[in-house]
Amino acid sequence: MKKISYISLLLFVLSGCSSFSDGYDARLSQFSYPFKVQNFKLKTQKQDLEMAYMDLNSESKDVAVLLHGKNFSGFYWERIANDLVKKGYRVVIPDQIGFGKSSKPKFYQYSFTQLALNTKKLLDHLGINLYTVVAHSMGGMLAITMSDSFKESIKKVVLINPIGLEDYSKYVKYKDPAFFFNIERNKTAEKIRSYQKKFYYDGKWSLAYEKLVIPFARQIEGPDWERVAWNNALTYGPIFTENIIDKLKRSEVPIRMILGTRDRTGPGRNWKKDGVKHLLGQYHLMKKRLERYNKNIRVVNLKGLGHLPHFEDYKTFSKHFNKFL
């Protein structure tokens, strides 16, 4: 029985891959997303780019916009998206420029303000004027920026282990994009897997987690890896230079956070400024500080869970997620 279950799960993992044996291109054209993908033509920074997105249950007036993290793209929202549709939501899931199935420009000045504007243009194109934002990891920095820039359009923000809850520029040395490009271009599938296993899943691994690695690991072997790696490098810039804390403090939009307290994601911990002793990514200590920032912020801690609580323990996660909705 165990062997049969393992084979079934393996087939499930591989089901999103139309051509598992070959490397994937910059737009992940060989990798199947769980829902129909459309493209929004976007003129930005003197370039004609395309922003890929999924749009479910488009007749509903209640809208949820799901924003992915840095090491992910829109496909990993499948389970949450299905549950939101069952609750009657229209669900829009964009891949940001530089990520997933969206364009990978040769050069782009990445900022969360720019990505927020791109997302707003997509929603305007779809005729969506009021929505709830759900975001994970780096997507949380984008969501908070959107709530600051377009507060009149956002009903509520629900964040799942967002990064940016510390001002990294205060603790971390600035690095040229070439520094990150060197790291990215030397990645391997095993390095991606080992990083996530250590920092996301407390040393554990499963084929369900493997499915999140496949598209990015296959791009390493594809023809466009240099272009993908360069965009990956450029998107570190806003993480280390934009202070999200100030936006949290002045937010007029209700912000709800679900934090797996085992998470220790701390961007830049390996190149902190001289003399800095502050420990980055201590999610188990953040709740009181965050709620003191602003009366509109509420935080729930999920003990024993890490950076992806919605993958580690969906039952526990969804109980709190549904309350916040």
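What follows is calculated from the coordinates using simple rules that are stated; it is not laboratory data. No experiment lies behind these values; they were computed from the predicted model shown. In this analysis, Cβ positions are derived from the backbone assuming ideal geometry, glycine residues included, and neighbour counts consider all displayed protein chains.
Straightening the chain between ARG185 and LYS151 buys 8.5 nm, computed as 0.36 nm per residue apart minus the Cα-Cα spacing. By the count of other C-beta atoms within 10 Å, a proxy for reagent exposure, ILE80, ILE258, ILE128 are ordered fewest to most as ILE128, ILE80, ILE258. Between LEU290, MET257, THR316, the Cα set farthest toward the positive side of the dipole of segment 257-325 (charges on each charged residue's Cβ, about the Cα centre) is that of LEU290. Taken over the alpha carbons of segment 25-116 as equal point scatterers, the Debye sum produces base-10 log I(q)/I(0) values at 0.14, 0.17, 0.24 Å⁻¹ of -0.51, -0.73, -1.26.
With a threshold of 28 Å on the Cα-Cα distance, the over-threshold entries among LYS191/LYS249; LYS191/LYS287; LYS46/LYS173; LYS70/LYS198 are LYS191/LYS249; LYS191/LYS287; LYS46/LYS173. Multiplying each eigenvalue of the alpha-carbon gyration tensor of segment 93-235 by 5 and taking the square root yields semi-axes of 27, 19, 17 Å, largest first, rounded to whole angstroms. Segment 241-325 gives an Rg/Rh value of 1.00, both radii derived from C-alpha positions and Rh following Kirkwood.
The length gained by stretching the chain between THR113 and SER58 to full extension, at 0.36 nm per residue less their Cα-Cα distance, is 17.2 nm.
So, with +1 on the Cβ of K and R and -1 on the Cβ of D and E, and no other charges, what is the size of the charge dipole of segment 72-127 about its Cα centre, to the nearest 20 debye?
Details: 9 positive and 4 negative charges, 10 e Å.
Once rounded to the nearest 20, the dipole reads 40 debye.
Sparsely packed loop sites in segment 88-156 (the chymotrypsin sites (Phe, Trp or Tyr not before Pro) outside DSSP H, G, I, E and B with at most 16 other Cβ atoms within 10 Å) comprise PHE107.
In what order do PHE31, PHE240 fall by count of nearby beta-carbon atoms within 10 Å, going from fewest to most? List each step's numbers first, then the result.
Details: PHE31 22, PHE240 18.
Going from sparsest to densest Cβ surroundings: PHE240, PHE31.
Based on Cα contacts under 8 Å between residues 6+ apart, the chain shows a relative contact order of 19 percent. Each listed q (0.23 Å⁻¹) maps to a log10 I(q)/I(0) for segment 108-170, found by the Debye formula over equal Cα scatterers with no solvent: -0.99.
Under a 5 Å amide H cut-off, with hydrogens placed 1.01 Å from N, VAL158 pairs with VAL133, VAL134, ALA135, ARG256 among residues at least 5 apart or on other chains. Ranked by the mean number of other Cβ atoms within 10 Å per residue, highest first, peptides 216-224, 168-176 order as 216-224, 168-176.
As a ratio to 2.2 N^0.38 Å, the alpha-carbon radius of gyration for segment 148-217 is 1.51. Comparing ARG193, ARG289, ARG256 in a Gaussian network model of the chain, where Cα atoms under 10 Å apart are tied by springs, the biggest mean-square fluctuation is seen for ARG289. Each Lys and Arg Cβ is given +1 and each Asp and Glu Cβ -1; about its Cα centre, segment 221-320 then shows a dipole of about 840 debye.
Placing a pseudo-label 7 Å from each Cα along the Cα-to-Cβ vector at ASP313 and LYS120 gives an inter-label distance of 3.9 nm. Ordering PRO177, PHE99, THR132 by the projection of their Cα atoms onto the charge dipole of the chain, which places +1 on the Cβ of Lys and Arg and -1 on the Cβ of Asp and Glu, puts THR132 at the extreme positive end. Packing here is the average count of other Cβ atoms within 10 Å per residue, and on that basis the peptides 137-147, 292-302, highest first, run 137-147, 292-302. Sites listed here are GluC sites (Glu not before Pro) in segment 20-101 whose DSSP assignment is loop and whose Cβ has at most 15 other Cβ atoms within 10 Å: GLU59. Think of each Lys and Arg Cβ as +1 and each Asp and Glu Cβ as -1; about the Cα centre, that makes the dipole of segment 124-268 roughly 480 debye. Calculated on C-alpha atoms, the gyration radius of segment 141-181 divided by its Kirkwood radius gives an Rg/Rh of 1.11.
Rounded to the nearest Hz, the phi-derived 3J(HN,Hα) couplings of segment 189-201 under the Karplus curve 6.51 cos²θ - 1.76 cosθ + 1.60 (θ = phi - 60°) are 4, 5, 5, 4, 5, 5, 4, 5, 4, 6, 9, 9, 10, where x marks glycine and proline. Report, in whole Å, the centroid distance computed from the Cα atoms of segment 19-83 and segment 145-182. Going from one Cα centre to the other spans 20 Å.
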